[in-house]
1. Could you size up the charge dipole of region 1-60 around its Cα centre, putting +1 on the beta carbon of Lys and Arg and -1 on that of Asp and Glu, and report it in debye to the nearest 20?
2. Carbon-plus-sulfur fraction of the accessible area of region 1-58, 1.4 Å probe, in percent?
3. Within region 1-57, list the trypsin sites (Lys or Arg not before Pro) lying in a DSSP loop whose Cβ has at most 14 other Cβ atoms in a 10 Å radius.
4. Going Cα to Cα from Lys64, which lysines come in below 17 Å? Please leave out same-chain ones fewer than 8 positions away.
5. Where nothing but the Cβ of Lys and Arg (+1) and of Asp and Glu (-1) is charged, how large is the charge dipole of the chain around its Cα centre, in debye to the nearest 20?
6. Cut-off under 19 Å on the C-alpha distance; same-chain residues fewer than 8 positions from Lys43 excluded. Which aspartates and glutamates are left, in chain and number order?
7. Percent relative contact order of the chain, based on C-alpha pairs within less than 8 angstrom and at least six residues apart?
8. What is the distance, in nm, between label points placed 7 Å from the Cα along the Cα-to-Cβ direction at Phe99 and at Val5?
Amino acid sequence: QVQLVESGGGLVQAGESLRLSCVASRNIFSIIDMGWHRQAPGKQRELVASITRSGTIMYADSVKGRFTISKHNGKNTVYLQMNNLKPEDAGVYYCAGNFGRGWDYWGRGTQVTVSS
C-alpha cells in the first residue's frame, strides 16, 4: 500500500506560479509511474502531466510550455511546477501512482484557484 500526500495549492492571480508537491509514504519511484491530474468543477478529471519510472515525461497540450513535472527519488517526492497560470487551470490537483494496471493510488488533492 502507498499513501500519497499533496501540498502547495493556493489562490494566485493569472500569470503567477505555484509548485505542487506529492510525497509518497515509501520509496517507489523506481517501480511506478507518477502523474498529476486535475478536476475542475463540473468537468472530468484529466491527466495534465506524468513521469514514468524511467523518466519519460508527458504533458497535456493545454499545459505544455507552462508546467514542469519532476521527481526527487531520495525525497520520495514528485513536483509540478506551474508557471503562467490561467483561470482555466483552476481545480483540484491530484497526485496518482500507476504500477502498470492503471492509476490505482491517489492522494486527496490540493486546491488551485486562479483569479483573472
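The values are calculated or read from the model by the stated rules, or taken from the named source; none is laboratory data. What you see is a predicted model; the values in this text were computed from it and never measured. A quick note on method: Cβ atoms are made from the backbone with ideal geometry, for glycine too, and the neighbour counts reach across all protein chains shown. Side chains included, ligands, DNA and RNA excluded: accessible areas come from the protein's heavy atoms. Shrake-Rupley method; radii C 1.70, N 1.55, O 1.52, S 1.80 Å.
1. About 100 debye.
2. 49
3. Arg26, Lys43
4. Excluding near neighbours in sequence, the set is Lys86.
5. My answer is approximately 220 debye.
6. Within the straight-line cut-off, Lys43 pairs with Asp61, Glu88, Asp89.
7. The value is 36 percent.
8. If labels sit at Phe99 and Val5, their model points lie 2.2 nm apart.
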